[in-house]
Each structure stands twice: as structure tokens, then as C-alpha cells.
1. Exactly one condition in (1) touching a helix residue (DSSP H, G or I) at 6+ places or on another chain (Cβ under 9 Å); (2) over 30 Å from E90 (Cβ atoms) is not met by T169; state its number.
2. Do we find that V175 is in a loop (DSSP other than H, G, I, E, B) and surrounded by 18 or more Cβ atoms within 10 Å (Cβ to Cβ) in this structure?
3. Please determine whether any residue of the stretch 163-175 is small (G, A, S) and closer than 30 Å to L82 by Cα.
4. Restricting to strands (runs of 3 or more DSSP E) lying wholly in the stretch 35-147: which have 1 or more residues that are of a type in the set (S, T, N, Q), farther than 30 Å from D177 by Cβ and out of contact with any His (no Cβ under 6 Å at 6 or more places or on another chain)?
5. Can you tell me which residues in the stretch 165-220 are of a type in the set (F, W, Y) and without any contact (Cβ under 8 Å) to a residue 12 or more places away in the chain?
6. Would you mind finding the one in E90, E140 that is among the acidic types (D, E), under 21 Å from S37 (Cβ atoms) and surrounded by 17 or more Cβ atoms within 10 Å (Cβ to Cβ)?
7. Tell me, yes or no, whether the stretch 153-166 has at least one residue that is on the phi < 0 side of the Ramachandran plot, modelled with pLDDT of 90 or more, within 18 Å of the chain's Cα centre (by Cα) and among the hydroxyl-bearing types (S, T, Y).
Amino acid sequence: MFHVIPNLLDTREIARLRELAARMPFEDGRHSNPGFSKKKNLQPKHSDPGYKEASLIVQQGLSRNEYFRDFTYPKTMAPPMLSKYEAGMEYGEHVDNAIIPYSPPLRIDVSCTVFVSEPESYEGGELVVRMADKELKIKEKAGAAVLYPSNMFHHVAPVTKGTRLVAITFIESMVRDTQKREILVELTEFLHANAAKVGEDEHVRLEYIRQNLTRMWYAD
């Protein structure tokens with residue numbers, strides 16, 4: 001269950017994130033995951049004021065996006081964080097942690113990557129998600145976001161040239177089960193696409209199903 005939101009951020013927001021990243025102090029990404037030697041990237045120091053501004057820009061972009069809300073049923077979101085990969089850096093295959101030990105703890109159901117660098121500005125650096133015996137490679141334009149289940153193996157391919165700048169965040173969903181969320185997303189998309197085609201009575205009946213499934217699965 002994947003989805004790409006093509007224009008989550010506008011050009012002004014993208015430019016501001018790049019400006020902040022250019023002057024923000026970055027540190028070894030292994031500070032947040034010291035036991036994983038295959039994590040080779042850079043992350044900003046949380047004490048820097050630019051970290052908070054960049055985080056707010058991405059958070060506002062996600063929160064205002066209707067499809068993000070329909071797709072994730074967000075309950076809580078981790079503060080988005082810029083992540084930088086220079087030539088020779090990568091993030092080996094892994095599964096995102098199930099829990100972030102905030103207060104209260106945040107369960108990770110959906111992972112999100114927001115692309116800040118243009119894809120032609122760096123080589124390599126694809127987000128690669130393992131699907132059974134195949135791999136899905138994702139490298140989107142600046143401002144796009146990709147949403148994917150947090151319980152799947154994925155990695156960031158080595159960057160061979162240039163700099164890959166993204167923002168990442170994690171979402172705890174009000175609907176915990178991936179398949180249940182997918183059913184609700186399909187119903188929502190059908191209703192949006194066919195509101196003018198189905199009769200009023202049929203629309204009400206479908207909305208009855210969608211709302212009551214949501215009620216049944218809420219915080220499941």
C-alpha cells in the first residue's frame with residue numbers, strides 16, 4: 001500500500017528547506033540509531049532553530065493535504081526531520097522501529113519520505129522497498145511525498161554523486177491494520193471519483209458503509 005503525493009510542498013517551501021539545510025549544522029545520523037552500522041547519513045541537531053522551522057514546514061504541508069489525511073488516518077505524527085546523504089552515503093536495509101519512546105509512546109504504522117532535492121541533482125539514492133522477491137525503487141521530484149507501510153523492509157541506495165536531501169516522518173494511524181486502511185482508502189477514492197455518477201441514495205449507502213467501518217476500526 002504505497003502512494004505518492006506529487007506536490008505536497010510548493011516551490012517557496014522547497015526553497016526555504018534548502019536554505020535552512022545549507023546553514024544548519026548536521027551530525028552523524030547514527031546518533032539516533034547507534035546500533036545500526038549500515039546507517040550512513042546526516043541529520044540536523046535538534047537544538048538548532050532551523051530544525052524546528054524545517055519540521056514545521058513539512059508538518060504543515062502534510063496536515064493540509066486531503067489525501068494524506070484520507071490515506072493515513074493520522075492520530076499522531078513524529079516531528080518531520082531533514083536527512084542528508086552525500087556521495088558514498090546510504091541506509092542499509094531495515095524495518096522502521098515499531099515504537100518511538102515519546103511520552104506517550106508513538107506506534108509507527110506509516111512511514112513518509114518528502115523529497116527536497118531534485119532527482120537530477122544527485123545519482124543513486126533511491127528509496128528501495130522490498131516486496132516479496134521484487135523491489136520498488138522510488139525517486140521523486142522535489143516537493144513530492146511517498147507514503148508506505150512501516151513494517152516492510154526498505155533501504156536507501158548509495159548516493160554516488162551530489163547530495164540527496166529529504167525529510168522523513170512517521171505516523172501512528174487511528175486505523176492500525178494496513179489492509180483495513182486500504183479498504184477505507186478505496187472506498188473514499190471511489191466516493192470522490194463517482195459522486196456525480198451514483199445516485200444520491202447509493203451515495204448515502206456507501207457513505208454509511210465507510211463511516212461505520214471507520215467507527216468499527218478506529219484505534220483498532
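1. (2)
2. Details: in a loop (DSSP other than H, G, I, E, B): yes; surrounded by 18 or more Cβ atoms within 10 Å (Cβ to Cβ): yes.
Yes, satisfied.
3. Looking only at the stretch 163-175, we keep the residues that are small (G, A, S), and these are 167, 173.
Checking which are closer than 30 Å to L82 by Cα leaves us with 167, 173.
Yes, some residue in the stretch 163-175 is small (G, A, S) and closer than 30 Å to L82 by Cα.
4. Details: elements: 42-44, 74-77, 81-86, 90-94, 110-115, 122-124, 127-131, 134-138.
Counting at least 1 such residues, we get 42-44.
5. As a first pass, look at the stretch 165-220 and keep what is of a type in the set (F, W, Y): 170, 190, 208, 217-218.
Selection gives Y208 alone.
6. Values: E140 fails: under 21 Å from S37 (Cβ atoms).
That would be E90, the only listed residue that is among the acidic types (D, E), under 21 Å from S37 (Cβ atoms) and surrounded by 17 or more Cβ atoms within 10 Å (Cβ to Cβ).
7. no
Matching residues to (1) surrounded by 12 or more Cβ atoms within 10 Å (Cβ to Cβ); (2) within 20 Å of K139 (Cβ to Cβ); (3) charged (D, E, K, R):
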position: L9; (1), (2), (3): yes, yes, no
position: R23; (1), (2), (3): no, no, yes
position: G50; (1), (2), (3): yes, no, no
position: E53; (1), (2), (3): yes, no, yes
position: Q59; (1), (2), (3): yes, no, no
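The values are calculated or read from the model by the stated rules, or taken from the named source; none is laboratory data. None of these values were measured; they are calculated from a predicted model. Backbone-built Cβ (ideal geometry, glycine too); neighbour counts: all protein chains shown.
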